[in-house]
Amino acid sequence: MGRKILLEHINVPGINTFDVYRQKGGYRALEKALKTMSSDDIVEEVKKSGLRGRGGAGFPTGMKWSFLAKPEGKARYLVCNADESEPGTFKDRYLMTYIPHLLVEGMIVSSFALGANTSYIYVRGEMMPQIRILEKAIAEAKAAGFLGKNILGSGFDHEVYVQPGGGAYICGEETALIESLEGKRGNPRIKPPFPAISGLYNCPTVVNNVETIAAVVPIVNDGGDEYAKIGIGRSTGTKLISASGNLNKPGVYEIELGVTVEDFIYSDEYCGGIANGKRLKAVVAGGSSVPILPANLILKLANGENRLMTYESLSDGGFATGTMLGSGGFVAFDEDQCIVRNTWNFSRFYHHESCGQCSPCREGTGWMEKVLHRLEYGHGKLSDIDLLVDVSKKIEGNTICPLGDAAAWPVASAIRHFRDEFEWHVTNPKEAMERNYGLAGYADPLPKPEEVM
Amino acid sequence: MSEKVKVSIDGITIEVEPGTSILNAARIIGGDIVPPAMCYYSKLEGSGGKCRTCLVKVSKGSEKDPRPMPKLVASCRTAVMDGMEVQNITSPEVKEARKGVVEMLLINHPLDCPVCDQAGECHLQDLGYEHGSEATRYEFERRTFDRIDIGDKIQLHMTRCILCYRCVYVADQLTEKREHGILGRGDASEISTYIEKAIENDFSGNVIDVCPVGALTDKTFRFKQRVWFTKPVEAHRDCPTCTGKVSLWYKGEDVIRVTARKDVYGEVEDFICNTCRFEKKNTNDWIIDGPRQISNRSVISSNHYEQLAPPPVVRKNLALQAANKEEFERATKH
Ligand SMILES: Cc1cc2nc3c(=O)[nH]c(=O)nc-3n(C[C@H](O)[C@H](O)[C@H](O)COP(=O)(O)O)c2cc1C
Ligand code: SF4
Ligand code: SF4
Ligand code: FES
């Protein structure tokens, strides 16, 4: 059994309330931090823990915190990114629904470490129930004296506010989130300046994912070194994975970074295999933005070793044979699923969600969607496939924010690994409308790597 | 004054003030190495970074940190560093990316230049001509919008808009009440005013001048004349609201349009007020300063009097010279 540190008490009845959370050792980290540690100590522990951002980019959190500018006489802010809108990702919602106090405690401790007296939790607008849950949790924490003025006599004042999101995926991009929080249209800002220098209301700001902030609690409780013992290499600690698709047991799992992908999919501890006795065809391992991989490549590295659920192992092989851990949205596709249709569906999402500021993303996402739609519905041409690759290249890397890349990668990777299936949609349009392409060779063992002389 | 920093663009080295953008450094050098800029406007704070036509490659970050930048950067929003080396037209990667951006800007553009008042002074036309390809690969219906009147003097033809946001910044920075902005998202974004309200402000007409395409046009000039048949002169008047420095655009003896004075990058010298722009259309409202310099690369120059110097074929043919005597005399007077 893998260790659980975020979801350890998730099945305890009433853990969503202050009293039960407290009985189970909740707010210990807060007491420890405020009474015995300096803010620099906490940053140091987080650095030692090796914790990396759980929102998608995987940037080391301790490093991000130490970049925060600290000019005299200017407020600093911590903003929690709870806008979770990436297709395939639903772990933050789970955490906020069932154990909201973990996030609230993490917010207070992190804010203390960063010297922020005001912090915000920016929650996806559609998650109204979670917004109420968090507000209730904040009120409970305040009633217990963990929020407000001079918390536990430490001289530290702190307030946490919940802000319902603007209703767009793009508001999850950190600078768009800041704009939206300021009450403006959620357009990503042009960087530099980065939020660490000039973020919310032009003040130094740290934006962190819900899970990142929650993980600060066990790090403070047990120490960064203890946290870093879990995991492999630079992928330390545990990670929440949102497993969905054709799995026997979809859901949110807390894994120790480093379990094999094979174990994660097939073992009974986790997803329990592919549903309905089907075979695995493909996996999107980290939310809709990351490259899709066929079954054989997601299970094994190009050199034949098992692929692991870590930042490094999932991206092994670059984009030629690898993908990314991203936000941990793990979507499995069985042999009956159509890759062309899925790619079209993803690109429909990005087309709809592009903010429209920069030309390659605004125009390119719509273009790709239209071409994919045509392919899926049997009106495509063989030249469309190369056209898609070319358009995706024209978007990738040339935009203001990473949404452009996120729109380009799924298309480019689907064509890289499943070109036959795209071609089949063109050459057999009628059949493609009636049945799926099937498994073809996507689950076959990888060819043995050639010996390099 | 702080130390100047040294930057090289396409191999040409120049020293500029710290904090200067790559684009502005390139404009100081001038010529072909200046990246095209469809959204940046030096007089509008916060503009730029959006259209991505000005992308360049930074092959050396600075003297201190010589690593190249991993991605192409928007030159209008990237400050130069000491020792920075930039590639624009010398980088195939930049040219390819720019071609992509131009293609993207054009896939939903109506290409209705024959009936567009902006034709001839449209930056998208120039951009397409210089960096685009002849044929489109886009085979879908183009996005269209209804035309909207913004007050009685300005027309918004959203179908032609490239969403450069310049007009939004004008509305934001030159007018005190913000009623003009962007609705919708992604490729359904549109410029609009709050419930199609007229922007009632002395400076609202400047949105016409900053618009790089024919999306915001002057209704008082609508369909009056192709710009290359008009003759621009510089003029001024004593205006209580603005500097009163304008360009008058003549057709024969009539002033058919008044605009601010624009440079080769389409940037105005001074923003002008609506009274100057829309109300003063008589020569005797103005003091004429002289003919307007027009780049000989612009189609407007084809009819400019300075260019009326006899073309070679005429110069050698005495019969033709005699037939055009009057024009020659006028042309050679300057
Ligand atoms: C289009 C887009 C959407 C994003 N959506 C989210 C999101 O919903 N939740 C999130 O935590 N991070 C999201 N991110 C990542 C954030 O920009 C940012 O990197 C993250 O909040 C940083 O937190 P971390 O360091 O704790 O991961 C998104 C990024 C992009 C480009
Ligand atoms: S890449 Fe897309 S979402 Fe991001 S700023 Fe540009 S248009 Fe907006
Ligand atoms: S209307 Fe003109 S100025 Fe305004 S965003 Fe569109 S192209 Fe730019
Ligand atoms: S001019 Fe630089 S991005 Fe538009």
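The values are calculated or read from the model by the stated rules, or taken from the named source; none is laboratory data. Given the structure is predicted, the values throughout are model-derived calculations rather than measurements. Here the Cβ positions follow ideal geometry from the backbone for every residue, glycine too, while neighbour counts run over all protein chains shown.
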Quiz item: Of the numbered conditions (1) free of Cβ contacts under 8 Å to residues at least 40 places away in the same chain; (2) buried (at least 23 other Cβ atoms within 10 Å of the Cβ), residue A:418 satisfies every one except a single condition; which is it?
Solution: (1)
Practice problem: Taking the residues in the range B:52-65 that are away from ligand 4 (no atom under 16 Å from the Cβ) and basic (Lys, Arg) as candidates, determine which candidate is surrounded by the fewest Cβ atoms within 10 Å (Cβ to Cβ). | Solution: B:64
Quiz item: Restricting the search to the range B:141-183, which residues are over 30 Å from residue A:370 (Cβ atoms) and within 7 Å of ligand 3 (Cβ to nearest atom)?
Solution: none
Quiz item: Considering only residues of the range B:44-62 that are touching a residue at least 40 places away in the same chain (Cβ under 8 Å) and over 20 Å from residue B:95 (Cα atoms), which is nearest to ligand 1 (Cβ to nearest atom)?
Solution: B:46
Self-check item: Boolean, residue A:347 is of a type in the set (Ser, Thr, Tyr), within 14 Å of chain B (Cβ to nearest Cβ) and either more than 16 Å from ligand 4 (Cβ to nearest atom) or surrounded by fewer than 24 Cβ atoms within 10 Å (Cβ to Cβ) (or both)
Solution: yes
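Matching residues to (1) within 16 Å of ligand 2 (Cβ to nearest atom); (2) within 27 Å of residue A:323 (Cα to Cα):
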{"residue": "A:56", "(1), (2)": "yes, yes"}
{"residue": "A:60", "(1), (2)": "no, yes"}
{"residue": "A:80", "(1), (2)": "no, yes"}
{"residue": "A:85", "(1), (2)": "yes, yes"}
{"residue": "A:98", "(1), (2)": "no, no"}
{"residue": "A:102", "(1), (2)": "no, no"}
{"residue": "A:105", "(1), (2)": "no, no"}
{"residue": "A:119", "(1), (2)": "no, no"}
{"residue": "A:123", "(1), (2)": "no, no"}
Quiz item: Within the range A:322-350, how many residues turn out to be within 16 Å of ligand 2 (Cβ to nearest atom) and either more than 19 Å from the chain's Cα centre (by Cα) or β-branched (Val, Ile, Thr) (or both)?
Solution: 1
Self-check item: Number of positions in the range A:396-412 that are under 22 Å from the mean Cα position of the chain (by Cα), crowded, with 24+ Cβ neighbours inside 10 Å and at the interface with another protein chain (Cβ under 8 Å from one of its Cβ atoms)
Solution: 2
Quiz item: If only one of A:372, A:388, A:382 is away from chain B (no Cβ under 13 Å), more than 16 Å from ligand 1 (Cβ to nearest atom) and modelled with pLDDT of 95 or more, which one is it?
Solution: A:382
Practice problem: Restrict the check to the range B:66-76 and report whether at least one residue is away from every other protein chain (no Cβ under 12 Å), over 18 Å from residue B:95 (Cα atoms) and surrounded by fewer than 20 Cβ atoms within 10 Å (Cβ to Cβ). | Solution: yes
Exercise. Among the residues of the range B:153-177, write down those that are of a type in the set (D, E, K, R) and either over 16 Å from the mean Cα position of the chain (by Cα) or within 16 Å of ligand 4 (Cβ to nearest atom) (or both).
Key: B:153, B:166, B:172, B:176, B:177
Quiz prompt | Residues being closer than 20 Å to residue A:172 by Cα and either surrounded by fewer than 22 Cβ atoms within 10 Å (Cβ to Cβ) or more than 16 Å from ligand 3 (Cβ to nearest atom) (or both) - total across the range A:362-385 | solution = 1
Quiz item: What are the residues in the range A:171-191 that are acidic (Asp, Glu), within 13 Å of ligand 1 (Cβ to nearest atom) and surrounded by fewer than 24 Cβ atoms within 10 Å (Cβ to Cβ), if any?
Solution: A:179
Quiz item: Considering only residues of the range A:263-278 that are part of a helix (DSSP H, G or I) and more than 19 Å from residue A:300 (Cα to Cα), which is nearest to the chain's Cα centre (by Cα)?
Solution: A:275
Quiz item: How about the range A:135-190: which of its residues are outside any helix (DSSP H, G or I) and polar (S, T, N, Q)?
Solution: A:150, A:154, A:163, A:187
Quiz item: Within the range A:221-246, how many residues turn out to be in contact with a Gly (Cβ under 7 Å, 6 or more places away or on another chain) and crowded, with 16+ Cβ neighbours inside 10 Å?
Solution: 14
